[in-house]
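These notes concern the structure reproduced below.
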Amino acid sequence: MAIILFKNALLVTMNPRREVFRGDLLVRDDRIARINKPLEANNHEKFDRIIDAGRWAILPGFVQTHLHLCQTLFRNQAEDLPLLDWLQKKIWPFEAAHNEASMRAAARLGIAELLAGGTTAILDMGSVHHYDVVFDELQKSGMRAVGGKCLMDSGENVPAGLLETTRSALHESERLFKTWQGAANGRLRYALAPRFALSCSEALLREVSEMSRALGCMIHTHAAETAAEEEILLKEKKLRSVGFLREMGIAGVQCCFAHGVQVTENEISLLAQDRTAIAHCPGSNSKLASGVAPIIKMHRAGVRLGLGADGAPCNNRLDIFAEMRLAGLLQKLRYGAAALPPQTIVEMATIGGAACLNWDDDIGSLEAGKKADLVAINLDTPHAHPRSDQNIYAELVYAAKSSDVRLTMIDGKICYENGDLTGVDTAEILFHAKTEWDKLLQRVQHQI
């Protein structure tokens, strides 16, 4: 492991005092050793590298709280459809056609985009099969992740290749937990991932709740994404999705629900009371015309909030900068110009996201003793000038771009720097992604 000193950076700490100042940050092995005003050189201290960060803002690495790495190969292939049609006509047939090779290509492509854009930790929902492959690529890449295979034991128009029995779904989840929980020196954790209420039996959901308590792992699912979803649940279960999941025992600090677009005032109160987290996905919600989530209301109520790009075929990028910007703009459009200040949005993308993953004790802020997960962003660009350190949050949310990322570090290791992924041939990743997509499309067409 290395000792690396970042000099003269604008440090956006996201610590409890939300301090922002110019100074130095020292990384020793996988931890932040010191962070303060410019450090005096110690003649007895040897650094493996000193980086002049005078033109950079350094932040804790971005945390995305809802992703589907398995869908990255489907980018640009499922356009102009609402959610249920999008799933049934495009995404589910594509997922059912995955094999290990195409799943590996999808994971590698998604991880490459995330690292290049400054994302250092994710909450990922896989497909039904091949999640060992996703974990393997996460392990190799250096990414920090909570993830799990998707659970689906019922549902309308679900391909046979995605339907599984309740028992087999739970058995495979338990095997994956035992294999991958705490792997990669603790960088990888497991989450139980029932897809959503419409594709899971009550028996499965109740078992997921019990298994989560027994194993001590997260539950990651979709909830209240569209009006159509809520209408079906009201007709079939006499409950909306948040209330139905709650009745199944799926609520609380171990749970993160993606979307929450359709939540009511009463449901917001329940989410806050239970400490259930919401992953806000404004890009996906806009593209699928699902609606605008009442994020400012949830924030005021004390709901734990994170941000996520969702999946490549419903976004079509995995770009946290795009999500931050859109989150702010949509809330302003719906609730007024002062809604959701930029500092709050950066919190959602860093320390708030870490809290949604129950990992904020170790990541999400720049503090001595915490993991050295960080991102360095170039401030010296035409689209960011004229600029001021006093307005850094607005600059990050509304002016900065993912292409401004100069360095991404996880566990004290540089994973991306100045356009290059460390130890990875990007051209090879792109070649294999195109090759495996072509093969997958042939399999889909053969099934039809």
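The values are calculated or read from the model by the stated rules, or taken from the named source; none is laboratory data. These numbers come from a predicted model, not from an experiment. With ideal geometry, Cβ positions are generated from the backbone for all residues, glycine too; neighbour counts draw on all protein chains shown.
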Could you run through segment 257-302 and say how many residues are in a strand (DSSP E or B) and within 24 Å of LEU84 (Cβ to Cβ)?
6
Answer with yes or no whether LEU245 is free of Cβ contacts under 8 Å to residues at least 60 places away in the same chain and touching an Asp or Glu at 6+ places or on another chain (Cβ under 9 Å).
no
Within segment 244-280, considering residues that are charged (D, E, K, R) and in contact with a Lys or Arg (Cβ under 8 Å, 6 or more places away or on another chain), the one nearest to GLU229 (Cα to Cα):
GLU267
Would you mind telling me which numbered condition in (1) under 19 Å from the mean Cα position of the chain (by Cα); (2) buried (at least 24 other Cβ atoms within 10 Å of the Cβ); (3) not charged (D, E, K, R) ASN358 fails?
(2)
Which one is surrounded by the most Cβ atoms within 10 Å (Cβ to Cβ), of the residues in segment 318-355 that are within 21 Å of ALA121 (Cβ to Cβ), of a type in the set (A, V, I, L, M) and out of contact with any Gly (no Cβ under 8 Å at 6 or more places or on another chain)?
ALA327
Report yes if some residue within segment 106-122 is over 25 Å from ASP319 (Cβ atoms) and basic (Lys, Arg); otherwise report no.
no
Would you mention how many residues in segment 167-181 are free of Cβ contacts under 8 Å to residues at least 24 places away in the same chain and not polar (S, T, N, Q)?
5
Kindly indicate whether any position in segment 424-442 is hydroxyl-bearing (Ser, Thr, Tyr), outside the structural domain of ARG34 (by TED's automatic domain parsing), surrounded by fewer than 18 Cβ atoms within 10 Å (Cβ to Cβ) and over 23 Å from the mean Cα position of the chain (by Cα).
yes
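Which is over 30 Å from ALA277 (Cβ atoms), of a type in the set (A, V, I, L, M) and either surrounded by fewer than 17 Cβ atoms within 10 Å (Cβ to Cβ) or in the same structural domain as ASP411 (by TED's automatic domain parsing) (or both), of MET1, MET14?
MET1
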Which condition number does GLY283 fail, the rest of (1) under 21 Å from ALA354 (Cα atoms); (2) surrounded by fewer than 22 Cβ atoms within 10 Å (Cβ to Cβ) being met?
(2)
Selected residue (criterion: surrounded by the fewest Cβ atoms within 10 Å (Cβ to Cβ)) from residues of segment 155-197 that are under 22 Å from ALA97 (Cα atoms), in contact with a Ser or Thr (Cβ under 8 Å, 6 or more places away or on another chain) and not small (Gly, Ala, Ser)
LEU163
The lone exception for PRO382 - which of (1) surrounded by 20 or more Cβ atoms within 10 Å (Cβ to Cβ); (2) over 15 Å from VAL63 (Cβ atoms) it fails
(1)
Listed by first then second residue, the pairs whose first member lies in segment 393-406 and is within 14 Å of ILE345 (Cα to Cα), whose partner is assigned to a helix (DSSP H, G or I) and aromatic (Phe, Trp, Tyr), with beta carbons under 6 Å and at least 6 positions apart or on separate chains, are ALA400/PHE321
